[in-house]
Amino acid sequence: MSEQPGQGDGGTAPRQDTGRTPGDDTAPGGPAGPPPAGRPPANGPEDRTGWRALWLGVGALALAWPLFPLALVLGVASLVVGVKAQRRARRHNVLAPGAGPGMVLGAVGLAMAVAAAAVSVLIGPEMNGYTKCMDTANTKIDEDACRDKYIPRIEEKLNLPKGSMSGTVLP
């Protein structure tokens, strides 16, 4: 029976000569060799800036309709901080948790804020007229006249069916 390499004399494989002596640290990467490539381990060091991007993205999303100018600023800031956090994390081979989701939330909040700004510009004159009319209305009949005058205009601008906003409460 012929012996395969590594199966004779106790089952140890013949030692390959690497050209280095034990303890020789002159090779690149030291005695352990070069560091592993790829993403760092999940429980390794992290860059905390990614969390800042996440909170900015949440703020942009939450404020997209009520305070769209602030949401625009927060959305852009979330994207900038998230990109910087990911670049820094990649450069230093660490994690940047929250950076990716922060950029996604910031982009969605930014898109919603742009939509809110567009709607505001589109129906701004009607809303101003409605608000002034309601401020000067003294009776329920005057308030109903304001609604009858401005609500159909808003529905027309937004391409909504007639009477679809009749039950809404506007400021």
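Each other residue within a Cβ distance under 12 Å of P125 adds +1 if Lys or Arg and -1 if Asp or Glu, for a net charge of +2. In a simple Cβ point-charge model (Lys, Arg +1; Asp, Glu -1; nothing else charged), region 129-171 has a dipole of about 120 debye relative to its Cα centre. Karplus-based coupling profile of region 140-155, in residue order and whole Hz: 5, 5, 5, 5, 5, 5, 4, 4, 5, 7, 9, 4, x, 5, 5, 4, with θ = phi - 60° in 6.51 cos²θ - 1.76 cosθ + 1.60 and x standing for Gly or Pro.
Scaled against the 2.2 N^0.38 Å expected of a compact globular protein of N residues, the Cα radius of gyration of region 89-171 reads 1.77. Sorted largest first by accessible area at a 1.4 angstrom probe radius, with every protein chain in place, the residues V83, V94 fall in the order V83, V94. Between the beta carbons of A137 and V80, assuming R0 = 30 Å, the FRET efficiency works out to 0.05 to the nearest 0.05.
Our compactness index for region 98-144, the C-alpha radius of gyration over the empirical 2.2 N^0.38 Å, is 1.90.
Sequence-ordered 3J(HN,Hα) estimates for region 104-115 from the Karplus curve with 6.51, -1.76 and 1.60 and θ = phi - 60° stand at 5, 4, x, 5, 5, x, 5, 5, 5, 5, 5, 5 Hz, glycine and proline given as x. In the assembled protein chains, K149 presents an accessible area of approximately 100 Å² (probe radius 1.4 Å).
The label point for R90 and the one for D144, both projected 7 Å from the Cα toward the Cβ, are 6.4 nm apart. Once backbone amide H atoms are built at 1.01 Å from N, E46 has L95 as its partners under 5 Å, excluding neighbours fewer than 5 places away on the same chain.
The values are calculated or read from the model by the stated rules, or taken from the named source; none is laboratory data. Just so you know, these numbers come straight off a predicted model, no measurement behind them. Note: ideal-geometry Cβ built from the backbone for every residue, glycine included; neighbour counts use all protein chains shown. When the accessible area is computed, the model is the full protein with side chains, heavy atoms only, and any ligands, DNA or RNA have been set aside. Shrake-Rupley method; radii C 1.70, N 1.55, O 1.52, S 1.80 Å.
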